[in-house]
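Nothing in this text is a laboratory measurement; each read-out follows from the coordinates by a stated rule. Values in this document were obtained by computation on a predicted structure and should not be read as measured data. Note: ideal-geometry Cβ built from the backbone for every residue, glycine included; neighbour counts use all protein chains shown.
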Amino acid sequence: MNMWDGLFGGLTRTRDHFVGGLRKLLSGNQLDAETLEAMEGLLYTADLGPAARKLMENLRVEHRRGALSNADDVEVFVQKQLLDVIGEAPGDYQHDQHDGPFVVLVVGVNGSGKTTTIAKLGQRHKEAGQKVLLAACDTFRAAATEQLSIWAERLSLPLIKSEGSGDPSGLAYDAAQEAKNQGADVLLIDTAGRLHTADHLMAELEKITRVLGRCIEGAPHDVLLVIDGTTGQNAITQAREFQSRVAATSLAVTKLDGTARGGAIITIRQQLNLPVRFIGLGEQPQDLQPFAPHSFIEALFAE
Ligand code: GDP
């Protein structure tokens, strides 16, 4: 499946609900106060959050100016507004311009899709001909290591893990050394998503970050916060909690295929003030894409 098909297919539920709903509303009705109100409701149910109110404000102004004469005008206006809110996206990693292993520390609450995202990233880099190393630094949960091991085996990617309950930062150190020794291009590190206290989790992640920086210059080069795109406002609250403690540098928003609320990506982008780097569109290794705002909006509004 090519990228466009993956994106188009993955956004089907959001497109049907949001764009389908919008078209139905606009084709059968005059663009009057009532229609505009219904439209606002639709934006909220697509999880556009505060962006919805702003968008409608701007739309009403345009409408009063007489700049929107038909349904197509409205649609084009909505697309532009959404692109404005999304802004730029950092895109895929540019580690070719980089000496030594490029290190990505992957963080997020359990169940957000961390492990799957690491597997998908590993697969992408491997396909691009790069040497990948995975590290299972969630040493608190045996199941987490187990799950990453299964992926590593399935994708034939080397994995550093501890036997028994090792120390996460010690393991991160070993992984960084190993990445250097092997001449790996990319080191992808899984971390714990929950410890018994948030302070404990934070301290652990800080320690891992310090250790990595000591082994490899500038590491970690990205702290990728993974969040579940289906859980809406809840995901944002969780991510904020995380963000207040760990300095994430970009986002991966997962499970956009499983939801009609794909608009959440826009709210997430806006409320967390962190750029979305990747989007998850399924459970298979190929179902991860660098987030490209124009393609995203195009696929969302495609016929
Ligand atoms: P972790 O606990 O954060 O490591 O989360 P996992 O990687 O184990 O993912 C939790 C569940 O979400 C698993 O069942 C994954 O298959 C599923 N998942 C992860 N990413 C996606 C995605 O982009 N789309 C869908 N549909 N499911 C996903």
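Would you work out the relative contact order for segment 198-284, in percent, from Cα pairs under 8 angstrom that are 6 or more residues apart?
Working: 107 pairs, mean separation 24.8, N = 87.
That works out to 28 percent.
Assign unit charges at the C-beta atoms only (+1 for Lys and Arg, -1 for Asp and Glu), then state the dipole size of segment 170-281 relative to its Cα centre in Debye, rounded to the nearest 20. Don't skip to the end; give the middle numbers.
Numbers: 11 positive and 12 negative charges, 68 e Å.
Using only the charged Cβ atoms, the result is roughly 320 debye.
Restricting to bridges with both residues inside segment 216-303, how much of the DSSP beta-bridge set is antiparallel, in percent to the nearest 5? Provide the component values of the computation, followed by the final result.
On the way: 3 of 11 bridges.
The answer is about 25 percent antiparallel.
Write down the Kirkwood hydrodynamic radius of the chain, to one decimal in angstroms, obtained as one divided by the mean of 1/r over all alpha carbon pairs. Display every interim value, and only then the final one.
On the way: mean 1/r = 0.0494 Å⁻¹.
By the Kirkwood definition, the hydrodynamic radius is 20.3 Å.
I need to check one value: relative contact order of the chain, counting alpha carbon pairs closer than 8 Å and at least 6 residues apart, in percent. Provide the component values of the computation, followed by the final result.
Working: 517 pairs, mean separation 84.4, N = 303.
Taking the mean separation of contacting Cα pairs over the length of the chain, I get 28 percent.
Relative contact order of segment 3-99, please, whole-number percent, based on alpha carbon pairs below 8 angstrom and at least 6 residues apart.
20
With only Lys, Arg, Asp and Glu charged, each at its Cβ (+1 for the first two, -1 for the last two), find how big the charge dipole of the chain is about the Cα centre; round to the nearest 20 debye. Don't jump to the answer; show the numbers that get you there.
On the way: 29 positive and 39 negative charges, 69 e Å.
That gives the chain a dipole magnitude of about 340 debye.
For segment 137-200, which GluC sites (Glu not before Pro) are in a loop by DSSP, counting at most 14 other Cβ atoms within 10 Å?
Details: sites: E146, E153, E163, E178; in loops: E163.
Counting only loop positions with at most 14 other Cβ atoms within 10 Å, the GluC sites (Glu not before Pro) in segment 137-200 are E163.
Within the set K131/K207; K131/K180; K54/K255, which residue pairs have Cα atoms separated by over 18 Å?
Numbers: K131/K207 26 Å; K131/K180 11 Å; K54/K255 26 Å.
Listed pairs above 18 Å: K131/K207; K54/K255.
Can you list which of the GluC sites (Glu not before Pro) found in segment 210-287 are DSSP loop residues with at most 15 other C-beta atoms within 10 Å? Please list the in-between numbers first.
Working: sites: E217, E241, E283; in loops: E217, E283.
For GluC sites (Glu not before Pro) across segment 210-287 that sit outside H, G, I, E and B with at most 15 neighbouring Cβ atoms in 10 Å, the list reads E217, E283.
Of the options I208, G91, T145, report the single residue whose Cα projects farthest towards the positive end of the charge dipole of the chain (beta-carbon charges: Lys, Arg +1; Asp, Glu -1).
So the residue we want is I208.
May I ask for the distance between the Cα centers of segment 59-118 and segment 183-248, given as a whole number of Å?
21
With each run of n ≥ 4 DSSP H residues scored as -39500 (n - 2.57), what mean residue ellipticity at 222 nm is computed for the chain after dividing by its residue count and rounding to the nearest 500 deg cm²/dmol? Intermediate results must be reported in sequence, preceding the final value.
Values: 12 runs with 152 residues, N = 303.
Computed ellipticity for the chain at 222 nm equals -16000 deg cm²/dmol.
Given A128, T231, N181, which one lies farthest toward the positive end of the charge dipole of the chain, if we put +1 on the Cβ of every Lys and Arg and -1 on the Cβ of every Asp and Glu?
Selected residue: T231.
Among rounded, prolate and oblate, which fits segment 9-49 when a ≥ b ≥ c are the square roots of the eigenvalues of its C-alpha gyration tensor, a/c under 1.5 means rounded, and a/b larger than b/c means prolate?
Numbers: a/c = 4.56, a/b = 1.59, b/c = 2.87.
Oblate shape, in that a/c is at least 1.5 and b/c is the bigger or equal ratio.
For the pair E127 and N58, how long in nm is the line joining their label points, each one 7 Å along Cα→Cβ?
Using points 7 Å along Cα→Cβ, the separation is 3.3 nm.
How many percent of DSSP beta bridges within the chain run antiparallel, rounded to 5? Show your work: numbers first, answer last.
On the way: 3 of 27 bridges.
Restricted to the chain, the bridges split so that about 10 percent are antiparallel.
Taking K114 as the anchor, which aspartates and glutamates have their alpha carbon closer than 15 Å to its alpha carbon, excluding any fewer than eight residues away along the same chain?
Partners within reach: D138, E146, D190, D222, D228, E283, D287.
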